[in-house]
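This report refers to the structure that appears directly beneath it.
The values are calculated or read from the model by the stated rules, or taken from the named source; none is laboratory data. Just so it is clear, the model here is predicted, and its values are computed rather than measured. Cβ placement follows ideal geometry from the backbone for every residue including glycine, while neighbour counts extend to all protein chains displayed.
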Amino acid sequence: MILAGIDEAGYGPTLGPLVVSVSLFRIQEGPPGAAPDLWKLLESAVSRKPDGQRVAVEDSKKLFNQKMGQKKGCRDLEEGILSFLYAKDGILPPDFRSLLRSVAQRGKKAGPTPEHGGDSYLDEYPWYRGQNVRLPVDSFFNVIRSRAQKLKEALCASGVEYLGLASRPVEVLEFNHELSLRDNKAGISFQAVGSFLQRIWKQFSAESVEVAVDRQGGRLRYGALLFQQLRPKNIHIEQESEELGVYRLTRRRSEAAGGPFRVSFAPESESRCLPVALASMASKYLREVHMLLFNKFWQERQANLKATAGYYVDACRFLTDIQPLKRRLGIDDALLVRRR
């Protein structure tokens, strides 16, 4: 059985990217409709709260220190994401661009190509162009290697296979372009969600699949969107309420005969499902490293400029503060500011 979780970070800000991510695991088939608790299966190496010994996996909002300027704000996110990557591949990406080339899914093909790597979009923006960040940012290699080893042992002992993660950063130019086509911010996020669902649908056609997705804005009904993205033979609505939407999709005869393909949407899924929590952490970590480079660019050119997290109220303050500098540098708002 394949367990997948999808979540985003940066849906609301005015500055910086929206990032949508997916994490995937393979487990032994369990009772119908009862996905196992991966926190319990992996508890020797994984915890919900940081304890200094195990990998913390939880809703990214609970792990990220949002006090700007305080050290180690990304430490728990970083140790979680990089430990999972190291446990799978035995390699730690040495820098931010290498990490993006490893996990970033870009464009309609939803995957990097040799000509257009997962980090190539960065060079469209002055604050990223030619810039990079060494990894880890807030932790240490030895800590990540130690956590990864425990995680690898726990995965092996529990019969859980970690298949990896992928992320879709949607920066300002792409965000605004997509918004002009849809006039709906939620549609931009679901386009990325849909691209991940398509890949899972095709890649694991011979297996049972359970996909958990954090609720998309205020949307309560997803049947039409799922049909548009996946074109199943039919969709059975198992539940559709404010608390939970569950959809079972049936494949067409021409497709490989696998087990059930179920997709669920629920608020706060990242606190209920480990794969969603891990996707939440990946999205937040990538967004925060983007913002690290963004703030560095402006602060190097303007003394005493306070960094921003990019959310509306503080983004307005930041944009006012940099207005003279922005004018001197000739930077267009089309590169800088989301339209919504």
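Laid out as a table, the results:
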{"item": "Any pair with Cβ under 6 angstrom, 6 or more apart, that starts in region 292-309 at a residue that is without any contact (Cβ under 8 Å) to a residue 60 or more places away in the chain and ends at one that is not in a helix (DSSP H, G or I)", "result": "295/307; 299/305"}
{"item": "Residue that is nearest to residue 194 (Cα to Cα) [pool: residues in region 231-243 that are in contact with a strand residue (DSSP E or B) (Cβ under 6 Å, 6 or more places away or on another chain) and outside any strand (DSSP E or B)]", "result": "232"}
{"item": "Only listed residue being modelled with pLDDT of 95 or more, loosely packed, with under 15 Cβ neighbours inside 10 Å, touching a helix residue (DSSP H, G or I) at 6+ places or on another chain (Cβ under 7 Å) and of a type outside the set (S, T, N, Q), chosen from 147, 129, 134, 168", "result": "129"}
{"item": "Unique residue being modelled with pLDDT under 95 and part of a helix (DSSP H, G or I) when the list is 61, 67, 108, 71", "result": "61"}
{"item": "Enumeration of residues in region 262-291 that are among the hydrophobic types (A, V, I, L, M, F, W, C) and surrounded by fewer than 17 Cβ atoms within 10 Å (Cβ to Cβ)", "result": "none"}
{"item": "Residue pairs meeting the criteria (Cβ under 6 Å; at least 6 apart or on separate chains; first free of Cβ contacts under 8 Å to residues at least 60 places away in the same chain, in region 34-56; second assigned to a loop (DSSP other than H, G, I, E, B) and surrounded by fewer than 14 Cβ atoms within 10 Å (Cβ to Cβ))", "result": "36/30"}
{"item": "Pair list, Cβ < 7 Å and 6+ apart or interchain, from region 168-194 residues that are touching a residue at least 60 places away in the same chain (Cβ under 8 Å) to residues that are among the aromatic types (Phe, Trp, Tyr) and assigned to a helix (DSSP H, G or I)", "result": "171/121; 188/175"}
{"item": "Single residue of 294, 227, 265 found to be among the aromatic types (Phe, Trp, Tyr), modelled with pLDDT of 90 or more and in a strand (DSSP E or B)", "result": "265"}
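Condition check ((1) in contact with a Ser or Thr (Cβ under 6 Å, 6 or more places away or on another chain); (2) charged (D, E, K, R); (3) crowded, with 18+ Cβ neighbours inside 10 Å; (4) modelled with pLDDT of 90 or more) across all residues:
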residue	(1), (2), (3), (4)
187	no, no, no, no
192	no, no, yes, yes
197	no, no, yes, yes
200	no, no, yes, yes
203	no, no, no, yes
207	no, yes, no, yes
220	no, no, no, no
